[in-house]
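Note sheet for the following structure.
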Amino acid sequence: MTEKPVRFVLAVMLIFVLSACFYMTVFSVETSFDRETPLYLRNFASGYVDSIHEDLKSVWGFELSLPVKIVFEKGYGLAAKGEAVMYPDHHEIILSPSASKIPELLRHEIMHLFTFEWMLHNKFGDLPLWFIEGLAVWYENRVPSSISNLDPLNTWKETDFLGITKYPEGDAFSRYYDFLADFFYSLQKRRDFRNGLEEIMNRILVRQNTVDALSDFYKSDFVRIHGRWRLERTFISFWGFVFINMGFIFPALVILFLGIYTFSKNKNIKDTFSAELEKKYGKNYWKEE
């Protein structure tokens, strides 16, 4: 091999190595897996972690300062679930998903990691539960499917989440995430959440209150914004409940209408009893002979 081709090959290899190093240091976050995770699953998940990290870095204005360890649990159940934990020297994401749920679970949990680091860096530990989970379900692009058939009374009760500090239990647990997703999508329509998140978080630091900060951001009383959405959601639930139960409600309405109509007709009937006729012809004067 002559001298020029050797130099060319070395130059290409050098460019490749430098590019790889640049990609690893600038465009990715350090990711590790537990020993039992198959290679194909590691490659599949790590690609999503890198792309999600880069996207959220542009949303939050900073990058994760700690490496991320991903643990895939086995035998945890059939439902896809995730959990994000922050340790002093690393983050840990615990997943028990089906393969199709991995991207959305990673989006949800990595949003939590950015939120945790923001709280740590700014020494702010007072973000409400509904805001932390609301950010995650919004970024996850969660489809709120479990709330469409809920009766209006439970809808009104479960949408009152601004004061909730603990996760609901039972069937209300999954609906809690769906209601938050629906609410945060409505907020997104009012003003772009993605491009405004840094501003929101800065306002939270200044006001030391999430509701007040969001009122400033949306230039409207946030409690009233939530109240209007809550009324709209309950109204939709009411008509959905009526439509679904029409087979029971319609006959009941017909019976009620007929009862009212019959009562109103009978109300106008006049008693033609005559004491004089009874005295003259006897008690059975009105009977036909």
Worksheet entry | Burial order of peptide ranges 187-196, 135-144, 62-71 (average beta-carbon count within 10 Å, highest first) | 135-144, 62-71, 187-196
Worksheet entry | Simple label model, 7 Å out from Cα along Cβ direction - Arg190 to Ser264, nm | 4.4
Worksheet entry | Extension gain from Asp50 to Lys74, taking 0.36 nm per residue of separation minus the Cα-Cα distance | 6.2 nm
Worksheet item: Ordered by packing density, taken as the mean number of other Cβ atoms within 10 Å over each peptide's residues, highest first, how do 167-176, 84-93 rank?
Response: 84-93, 167-176
Worksheet entry | Ranked by how many other beta carbons lie within 10 Å on average, peptides 109-115, 48-54 from highest | 109-115, 48-54
Worksheet item: Using a 1.4 Å probe, what is the accessible area per residue for segment 67-210, in Å²?
Response: 50
Worksheet item: In nanometres, what is the gap between the two model label sites at Ile132 and Leu120, each 7 Å from Cα along Cα-to-Cβ?
Response: 1.4
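The values are calculated or read from the model by the stated rules, or taken from the named source; none is laboratory data. Quick caveat: nothing in here was measured; it's all calculated off a predicted structure. All Cβ positions, glycine included, derive from the backbone under ideal geometry; neighbour counts span all protein chains shown. The accessibility values were calculated without ligands, DNA or RNA, using every heavy atom of the protein model including side chains. Shrake-Rupley method; radii C 1.70, N 1.55, O 1.52, S 1.80 Å.
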